[in-house]
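The values are calculated or read from the model by the stated rules, or taken from the named source; none is laboratory data. No experiment lies behind these values; they were computed from the predicted model shown. A quick note on method: Cβ atoms are made from the backbone with ideal geometry, for glycine too, and the neighbour counts reach across all protein chains shown. The protein model used for the area step is the full one, side chains on, heavy atoms only, and it has no ligands, DNA or RNA in it. Shrake-Rupley method; radii C 1.70, N 1.55, O 1.52, S 1.80 Å.
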Amino acid sequence: MRKKIFRTNDPHIQALARIVGEEAILFKKEDLIAYDCDGFTVHRHLPKAVVFPKNTEEVAAVVKYCHEHDLPFLARGAGTGLSGGAIPLNGEVVISLVRMKRLISVDLENRRAVVEPGFVNLKLTNSIANRGYYYAPDPSSQYCCTIGGNVAENAGGAHCLKYGVTTNHILGLEVVLPNGEVIEIGENGILDPLGYDLLGLLTGSEGTLGIVTKITVRILKNPEAKQTVLAYFDRVADASQAVSDIISAGMVPAALEMMDQTAIEAVEAAAFPVGHPNDIEALLLIEVDGISAGIDEQIEEILHICRKRNVREVKVAQNEQERAKWWANRKTGFGAMGAISPDYLVQDGVIPRSKLPEVLQQIEQISKKYGLRIANIFHAGDGNLHPLVLFNSEKPGETEKALAAGSECLQACAAVGGSITGEHGVGVEKKEEMRFIFTDDEITAQTNIRDVFNPKNLLNAGKLFPTPGRCVEVKKA
Ligand SMILES: Cc1cc2nc3c(=O)[nH]c(=O)nc-3n(C[C@H](O)[C@H](O)[C@H](O)COP(=O)(O)OP(=O)(O)OC[C@H]3O[C@@H](n4cnc5c(N)ncnc54)[C@H](O)[C@@H]3O)c2cc1C
């Protein structure tokens, strides 16, 4: 790290610098601006300071200092979160985990690896691929997001339909509690550990219960075979029906993704175009994997279902290069929105698959109502929608309109028995929408749990839960 002249009269900054070293703390406004938000850029707040501890002891000492001096603080990984979880709403001391990025061990025999929280998701698969293994949770941001951030958000990804989201792959955690104590949870991967399921509680707790400093994850053997299909549909209703038909035929593809026409326009205008037609309403990207025997039959059945649902064109990837090209096009889909709009807001609702056509139609109506384009690019197999509301923050009132349109999309998901987030978390962005799902009593039951871990509410305050009181009516289907 660049050596700087260290000059400050702030006793807290001086004390924190004594813990992590003068070269591992930022406190000047011009340095802090980069930490005023994450991937949810609508709210911005400057932190008090950003510290870069290099090990658990330093994290614990920083936390203990903040706890004793009533300084708000929060953890930060790569800052790719889309719900504002890492925004320092209260002028927090931001504890960045990016220097804690070691792959500590790999145990192929027992199919597990231990990583520090700042270890980048994709690096794990890259580190074990030559030995025939991989780490399954694959958020589209996996080339830069950290496994610590994935644990906090219980991240999902395209291949989580078959293999499960992050919580299904976490075997143990080392956690610094909000008072600075260090605990280990998970019993070396024992399937039914004694006591409460703290691993389940901590995973997905959005950085409000503790700071994760070491993670034991499950790793999987590469499937023997995989095949990938691309299907173009004139009508989004036919594509949605094909999704339902595939699942109800008893197949669980490794991935089953959908993009609508606006999303296709964006990915074709961005860095990894594939040459998708511009006049179709939807495409499906479907991947099956497993042992070689039976894969061809599954592909045949998928092709048959697509044809039955009036597919315009359907093709199977001819080689790994073609497959990788299709996936690069899909996985960079959010960023591709930049090619057609100055700003976009990503939503993350979940619905029963059977409600896909109905909810997509409602999203179209919301788009018309607000006069904003909404692209849809999502994990169709598990009903995890990502409406991307396109807007221009420079136009007065348009940000507010985008937020309202996003909220209505979530309300539509909740109303058909779905949820307001499938993988991106609640953070700041969706905490009011928690009322679409929970009563005041249910929210209080959960904040009571938070208060046991985080009694002073200094760790990541103002996230995940609204303050009980205001009530929102959601009509259930
Ligand atoms: C282009 C793009 C595509 C994306 N695609 C997906 C996707 O397919 N699936 C998906 O699930 N998400 C996706 N995301 C969202 C995001 O990448 C994930 O939520 C990811 O898990 C965040 O990791 P991070 O390291 O960036 O965490 P950050 O954004 O830094 O932090 C996120 C939250 O985790 C907390 N936190 C971070 N580290 C720790 C720690 N060590 N201990 C405790 N709390 C911690 C923070 O306080 C914050 O509340 C995408 C984001 C982008 C920008």
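How about the range 174-197: which of its residues are of a type in the set (A, V, I, L, M) and within 26 Å of ASP70 (Cα to Cα)?
Start the filter on the range 174-197 by keeping residues that are of a type in the set (A, V, I, L, M), which leaves 175-177, 182-183, 185, 190-191, 194.
Scanning the range 174-197 gives VAL175, VAL176, LEU177, VAL182, ILE183.
Any residue that is in contact (Cβ under 8 Å) with a residue 12 or more places away in the chain, assigned to a strand (DSSP E or B) and open to solvent by 10 Å² or more (accessible area, probe 1.4 Å) - is there at least one of those in the range 253-266? The answer is yes, given that some residue of the range 253-266 is in contact (Cβ under 8 Å) with a residue 12 or more places away in the chain, assigned to a strand (DSSP E or B) and open to solvent by 10 Å² or more (accessible area, probe 1.4 Å).
Just checking, which of ASP192, ASP245 is assigned to a helix (DSSP H, G or I) and not assigned by TED's automatic domain parsing to the domain that holds GLY81? Before the answer, list the steps.
On the way: ASP192 fails: assigned to a helix (DSSP H, G or I).
That would be ASP245, the only listed residue that is assigned to a helix (DSSP H, G or I) and not assigned by TED's automatic domain parsing to the domain that holds GLY81.
If I filter the range 201-236 down to residues being of a type in the set (A, V, I, L, M) and farther than 30 Å from ILE305 by Cβ, which single residue comes out as most open to solvent (accessible area, probe 1.4 Å)? That would be LEU201.
Determine whether GLY290 is open to solvent by less than 60 Å² (accessible area, probe 1.4 Å) and on the phi > 0 side of the Ramachandran plot. Criteria met by GLY290.
Is there a residue being among the charged types (D, E, K, R) and under 19 Å from the mean Cα position of the chain (by Cα) anywhere in the range 167-190? Break it down into steps so the answer makes sense when it comes.
Restricting attention to the range 167-190, the residues satisfying the condition of being among the charged types (D, E, K, R) are 174, 181, 184, 187.
Right, trim to under 19 Å from the mean Cα position of the chain (by Cα) and you get none.
The answer is no; no qualifying residue exists.
Comparison of LEU82, LEU103, LEU71, LEU32 shows that the only residue that is open to solvent by 10 Å² or more (accessible area, probe 1.4 Å), more than 30 Å from PRO137 (Cα to Cα) and either within 13 Å of the ligand (Cβ to nearest atom) or modelled with pLDDT of 95 or more (or both) is LEU71. Sub-7 Å Cβ pairs linking a first residue in the range 317-328 that is over 14 Å from PRO273 (Cβ atoms) and open to solvent by less than 100 Å² (accessible area, probe 1.4 Å) to a second residue that is of a type in the set (Ser, Thr, Tyr) and modelled with pLDDT of 95 or more, at least 6 apart or interchain, are ALA317/THR228; ARG323/THR228, ordered by first then second residue. Only residues that are within 17 Å of the chain's Cα centre (by Cα) and touching a residue at least 60 places away in the same chain (Cβ under 8 Å): list them for the range 337-350, please. Listed by number, the residues that qualify are LEU345, VAL346, GLN347, ASP348, GLY349, VAL350. Note on the range 388-407: among residues that are touching a residue at least 12 places away in the same chain (Cβ under 8 Å) and out of contact with any Phe, Trp or Tyr (no Cβ under 8 Å at 6 or more places or on another chain), the one that is least open to solvent (accessible area, probe 1.4 Å) is GLY406. Annotation note: of GLY294, GLY333, GLY250, GLY275, the sole residue that is touching a strand residue (DSSP E or B) at 6+ places or on another chain (Cβ under 8 Å) and either within 23 Å of LEU388 (Cα to Cα) or not basic (Lys, Arg) (or both) is GLY333. Restricting attention to the range 50-59, does a residue exist that is part of a loop (DSSP other than H, G, I, E, B), within 14 Å of the ligand (Cβ to nearest atom) and either at pLDDT below 95 or in contact with a Gly (Cβ under 8 Å, 6 or more places away or on another chain) (or both)? Within the range 50-59, none of the residues are part of a loop (DSSP other than H, G, I, E, B), within 14 Å of the ligand (Cβ to nearest atom) and either at pLDDT below 95 or in contact with a Gly (Cβ under 8 Å, 6 or more places away or on another chain) (or both). Of the residues in the range 38-49, at least one is outside any helix (DSSP H, G or I), of a type outside the set (Phe, Trp, Tyr), open to solvent by 80 Å² or more (accessible area, probe 1.4 Å) and under 25 Å from THR80 (Cα atoms). Residues of the range 150-159 that are within 7 Å of the ligand (Cβ to nearest atom) and open to solvent by 30 Å² or more (accessible area, probe 1.4 Å): GLU153 alone.
Condition check ((1) among the aliphatic types (A, V, I, L, M); (2) within 16 Å of the ligand (Cβ to nearest atom)) across all residues:
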position	(1), (2)
LYS368	no, no
ILE377	yes, yes
LYS395	no, no
GLU400	no, no
VAL428	yes, yes
GLU433	no, no
VAL452	yes, no
GLY462	no, yes
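Residues of the range 188-200 that are surrounded by 13 or more Cβ atoms within 10 Å (Cβ to Cβ) and over 17 Å from VAL151 (Cα atoms): PRO193 alone. For the range 11-29, which positions are farther than 16 Å from ILE95 by Cβ and either assigned to a loop (DSSP other than H, G, I, E, B) or open to solvent by less than 40 Å² (accessible area, probe 1.4 Å) (or both)? The one that is farther than 16 Å from ILE95 by Cβ and either assigned to a loop (DSSP other than H, G, I, E, B) or open to solvent by less than 40 Å² (accessible area, probe 1.4 Å) (or both): LYS28.
Of the residues making up the range 117-142, just one is closer than 19 Å to ASP107 by Cβ, open to solvent by 30 Å² or more (accessible area, probe 1.4 Å) and of a type in the set (A, V, I, L, M, F, W, C), namely ALA129.
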